[in-house]
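Notes to accompany the following structure.
The values are calculated or read from the model by the stated rules, or taken from the named source; none is laboratory data. Every value quoted in this text rests on a predicted model; they were computed, and no experiment measured them. Every residue, glycine as well, gets a Cβ built from its backbone with ideal geometry; the counts of neighbours run over all protein chains shown.
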Amino acid sequence: MPKYQIALDIGATKILGASMCGKKIITKIKKPTQSKAGKIKTLANINKVIENLLIPNTKLIKIGIGIAGQVDNKTGIILSTGNFDKSFQNVKLAESLKKKYKCSVNIDNDVKCFLAAEMKYGVGRSFKNVIGLTFGTGIGGAIMENGELKRGMNNTAGEFGHMKISGHWLGSPPMCGCGEKYCWESMASGKAWQKLAKKYNKNKANEIIIYNIVTGLLNICYAFNPEVIILGGGLMEHPDMLPKIKKEFNSRCQFPWFKKVKLLKPSLKDEAILLGSLL
């Protein structure tokens, strides 16, 4: 009997799912997460995507999930998700999916999946010290040091979105999903850009967001001394965003080695988290 896998990329806004045979995508679909509608609705949407990806007369051997949040990757329990409804925490998702679909289940933070895939298949292949970042509803991060994915005490290493920056803002800084102000993601994410563009204009939004992004990147360089920072997520799809970030970054570099840091776009596009969830 033919075998296949299902991979899910679960963000606060959308669920991207694919049925896969190895690296080859058979079917790919996208559905709203409805992350603010509560735990029951979000779980129903996750199961609906999986059901739509099932292939008759074949054997499902694995489900891989990358989710925007803090995950115990050993147990598959979703500990918390800052941009989801507050009810969506301590969710034993791996356990329930194993029982329902009779296959192995791997769940990890989405950016750890993103970076693992880019290191194996994408732009990170030639490097050992790499930071992965995604700029969407929030800012997610992951750390690869000497070729090893750093997880910290409970797999939450790399939560750069909640480091505090002074940054630029017009008026009072917005509240982050975690309940605090001055978080990097509340001042430099795609969601932050949308708030500024709606209130002012796109040019003003770009100016502020780029400054705030680079402030965070410089902090990361001081702490981790990376060779490469891979910048993904919806905000980076704006065609002039990365060139402007590079220009701002180089203008604010305080040490010569900063200029050696490569700021790169991911090469796997929206397939990175899907591929990484199955590694």
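So for the range 104-118 (the condition being of a type outside the set (A, V, I, L, M), surrounded by fewer than 17 Cβ atoms within 10 Å (Cβ to Cβ) and at pLDDT 95 or above), does at least one residue qualify?
yes
Return only the number of the condition from (1) more than 18 Å from T215 (Cβ to Cβ); (2) touching a strand residue (DSSP E or B) at 6+ places or on another chain (Cβ under 7 Å) that G161 does not satisfy.
Among (1) more than 18 Å from T215 (Cβ to Cβ); (2) touching a strand residue (DSSP E or B) at 6+ places or on another chain (Cβ under 7 Å), the lone unmet condition for G161 is (1).
Show the residue pairs meeting these rules: Cβ distance below 6 Å; 6+ apart or different chains; first residue within the range 252-264 and within 14 Å of A223 (Cα to Cα); second residue among the small types (G, A, S).
none
Considering the range 123-158 alone, what residues qualify as being surrounded by fewer than 22 Cβ atoms within 10 Å (Cβ to Cβ) and in contact (Cβ under 8 Å) with a residue 40 or more places away in the chain?
V123, F127, K128, N129, E145, R151, N154, N155, T156
Are any residues in the range 250-269 assigned to a helix (DSSP H, G or I) and crowded, with 16+ Cβ neighbours inside 10 Å, and if so, which ones?
Hit for the range 250-269 is F258, nothing else.
Kindly check whether there is at least one residue in the range 94-115 that is in contact (Cβ under 8 Å) with a residue 60 or more places away in the chain, among the polar types (S, T, N, Q) and either assigned by TED's automatic domain parsing to the domain that holds T13 or in contact with a helix residue (DSSP H, G or I) (Cβ under 8 Å, 6 or more places away or on another chain) (or both).
yes
Please pick out the residue among G167, G190, G171 that is closer than 24 Å to V71 by Cβ and either over 22 Å from the mean Cα position of the chain (by Cα) or in the same structural domain as V261 (by TED's automatic domain parsing) (or both).
Working: G167 fails: closer than 24 Å to V71 by Cβ; G171 fails: closer than 24 Å to V71 by Cβ.
So the residue among G167, G190, G171 that is closer than 24 Å to V71 by Cβ and either over 22 Å from the mean Cα position of the chain (by Cα) or in the same structural domain as V261 (by TED's automatic domain parsing) (or both) is G190.
Quick one: is E237 surrounded by 13 or more Cβ atoms within 10 Å (Cβ to Cβ) and within 14 Å of N212 (Cα to Cα)?
It is false that E237 is surrounded by 13 or more Cβ atoms within 10 Å (Cβ to Cβ) and within 14 Å of N212 (Cα to Cα).
Could you check the range 18-42 and list, in sequence order, the residues that are over 17 Å from L279 (Cβ atoms) and touching an Asp or Glu at 6+ places or on another chain (Cβ under 8 Å)?
S35, K36, A37, G38, K39, T42 - these are the residues of the range 18-42 that are over 17 Å from L279 (Cβ atoms) and touching an Asp or Glu at 6+ places or on another chain (Cβ under 8 Å).
For the structure I just gave you, tell me whether I213 is at pLDDT 95 or above, crowded, with 17+ Cβ neighbours inside 10 Å and not in a helix (DSSP H, G or I). Step through it out loud before you land on a result.
Numbers: at pLDDT 95 or above: yes; crowded, with 17+ Cβ neighbours inside 10 Å: yes; not in a helix (DSSP H, G or I): no.
Judged against the criteria, I213 is not a match.
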